[in-house]
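Novice: Sharing a structure here in C-alpha cells format.
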Amino acid sequence: MIKVAIIGAENVGKSTLMNALIGGRVSEVENLPGTTKGVIRRRFGKLKIPKGMKNPLGGADEFVLIDTAGLFDPQGETRGKVLSEERFRGIIDEIVSANIIIHMVDATVGLHRGMERLHHVLKMRYEKPIIVVINKIDLVPRERVEELREIIKKRLEQETVPLSLVTYKGFNELLERIAHYAQYV
Ligand SMILES: Nc1nc2c(ncn2[C@@H]2O[C@H](COP(=O)(O)OP(=O)(O)OP(=O)(O)O)[C@@H](O)[C@H]2O)c(=O)[nH]1
Ligand SMILES: [Mg+2]
C-alpha cells in the first residue's frame, strides 16, 4: 500500500487534484479557502499509468490518497482558518506517515513561506520524496510559470511539474512522477 498525501496552502487545488486522480467527486471543491476541514482519505486501485509507460509497480499498485485541509492562509503566514493547533498537528502526523508527498503551489499566488519551511522539514528531517506541482497554470502567462519554476528551484532545490486541472496539461507528467517514486517505496 502506497500512501500519497496532497499538501499545500488553502485553495491551491488539493481536493480538485484528489478528485482528478480518483476519477470522481470524493472531496469537496470550492473557490473558498478552508473548504476541506481535516483529512480525507480514499483508497484507489490502479494509478492511471500514462500510455507507453510500463507499470513499474508490477501490479502491486494499491494507493491511498490523502487530501488535507489547507495548512496555511493563502496570503498570510497564519495557520489555515479551519485548523486548530491540534488539528494542524494531526494533519502533520498524517503527512509524515505518507510515502510520497505532493506539494501544490498556486501559480496565481506563488510559493508560500509556511509551506516552504514545512517542505524543508519534510525533506530533510523525514526524508520524504516530494513532488512539487505548480497548479492553475491556465490562469497565468507562460513567463510567470517559468519565473515560478526558477524561484522554486532556488528555494526548494527541486524541479516542478506545471499543471492545470482545467486543461489537464501536465497531468500525465504528474502521474509519471508518482509512478516513479512509487518504485522506491
Ligand atoms: N483555473 C483553475 N482553477 C482551479 C485549478 N485547480 C483548482 N481550481 C479551482 O480552485 C478552487 C479551489 O480548489 P480546491 O480543490 O477546493 O482547493 P483546496 O486546495 O482543496 O482548498 P482548501 O480545501 O480550501 O484548502 C476551486 O474553485 C477549483 O475549481 C486549475 O488548475 N485551474
Ligand atoms: Mg480542499
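Novice: Do any residues in the range 2-18 that are closer than 11 Å to residue 39 by Cα have Cβ atoms under 6 Å from those of residues that are of a type outside the set (Phe, Trp, Tyr) and open to solvent by 10 Å² or more (accessible area, probe 1.4 Å), where the two are at least six apart or on different chains, and which pairs are they?
Specialist: Short answer, once both residue conditions are applied: 6/14; 15/29; 15/36.
Novice: So residue 176 passes all but one of these: (1) modelled with pLDDT of 95 or more; (2) closer than 23 Å to residue 25 by Cα. Which condition number does it fail?
Specialist: The single condition residue 176 does not satisfy is (1).
Novice: Six or more apart or on different chains, Cβ under 9 Å: which pairs go from a residue in the range 70-86 that's farther than 9 Å from residue 114 by Cα and near ligand 1 (Cβ under 9 Å from one of its atoms) to one that's open to solvent by 20 Å² or more (accessible area, probe 1.4 Å) and among the basic types (Lys, Arg)? Could you list them?
Specialist: Matching pairs, first to second residue: 70/81; 80/87; 82/37.
Novice: Let me ask something else. Suppose we keep only residues that are under 16 Å from residue 27 (Cβ atoms) and away from ligand 1 (no atom under 14 Å from the Cβ) within the range 51-69. Which one would you say is modelled with the lowest pLDDT? Reasoning before the result, please.
Specialist: In the first step, residues of the range 51-69 are kept if they are under 16 Å from residue 27 (Cβ atoms); the result is 63-69.
Going one step further and asking which of them are away from ligand 1 (no atom under 14 Å from the Cβ), we end up with 63-64.
Numbers: 63: 85, 64: 90.
Among those that are under 16 Å from residue 27 (Cβ atoms) and away from ligand 1 (no atom under 14 Å from the Cβ), it is 63.
Novice: May I pose another question? Return yes when residue 129 is buried (at least 20 other Cβ atoms within 10 Å of the Cβ), within 22 Å of residue 65 (Cβ to Cβ) and out of contact with any Pro (no Cβ under 8 Å at 6 or more places or on another chain) and no when it is not.
Specialist: Spelling it out, it is not the case that residue 129 is buried (at least 20 other Cβ atoms within 10 Å of the Cβ), within 22 Å of residue 65 (Cβ to Cβ) and out of contact with any Pro (no Cβ under 8 Å at 6 or more places or on another chain).
Novice: Let me spell it out: the conditions are (1) open to solvent by 40 Å² or more (accessible area, probe 1.4 Å); (2) of a type in the set (S, T, N, Q); (3) within 10 Å of ligand 1 (Cβ to nearest atom); (4) closer than 23 Å to residue 42 by Cβ, and residue 97 meets all of them except one. Which number is the exception?
Specialist: Checking residue 97 against (1) open to solvent by 40 Å² or more (accessible area, probe 1.4 Å); (2) of a type in the set (S, T, N, Q); (3) within 10 Å of ligand 1 (Cβ to nearest atom); (4) closer than 23 Å to residue 42 by Cβ, the one that fails is (3).
Novice: Is the range 130-141 home to any residue that is under 24 Å from residue 15 (Cβ atoms), in contact (Cβ under 8 Å) with a residue 12 or more places away in the chain, assigned to a strand (DSSP E or B) and touching a Ser or Thr at 6+ places or on another chain (Cβ under 6 Å)?
Specialist: So far as the range 130-141 goes, yes, one or more of its residues are under 24 Å from residue 15 (Cβ atoms), in contact (Cβ under 8 Å) with a residue 12 or more places away in the chain, assigned to a strand (DSSP E or B) and touching a Ser or Thr at 6+ places or on another chain (Cβ under 6 Å).
Novice: Can I ask one more? Under 6 Å between Cβ atoms, at least 6 apart or on separate chains: pull out the pairs that start in the range 23-47 with a residue that is without any contact (Cβ under 8 Å) to a residue 60 or more places away in the chain and end on any residue that is aromatic (Phe, Trp, Tyr) and not in a loop (DSSP other than H, G, I, E, B).
Specialist: 44/63
Novice: For residues in the range 159-175 being among the hydroxyl-bearing types (Ser, Thr, Tyr) and farther than 15 Å from residue 141 by Cα, which is nearest to ligand 1 (Cβ to nearest atom)?
Specialist: So the residue we want is 168.
The values are calculated or read from the model by the stated rules, or taken from the named source; none is laboratory data. Keep in mind the model is a prediction, meaning the values are calculated, not measured. Note that each Cβ is placed from the backbone with ideal geometry, even for glycine, and that neighbours are counted across all protein chains shown. For the accessible areas, the whole protein counts, side chains as well, though only heavy atoms, and no ligand, DNA or RNA atoms are used. Shrake-Rupley method; radii C 1.70, N 1.55, O 1.52, S 1.80 Å.
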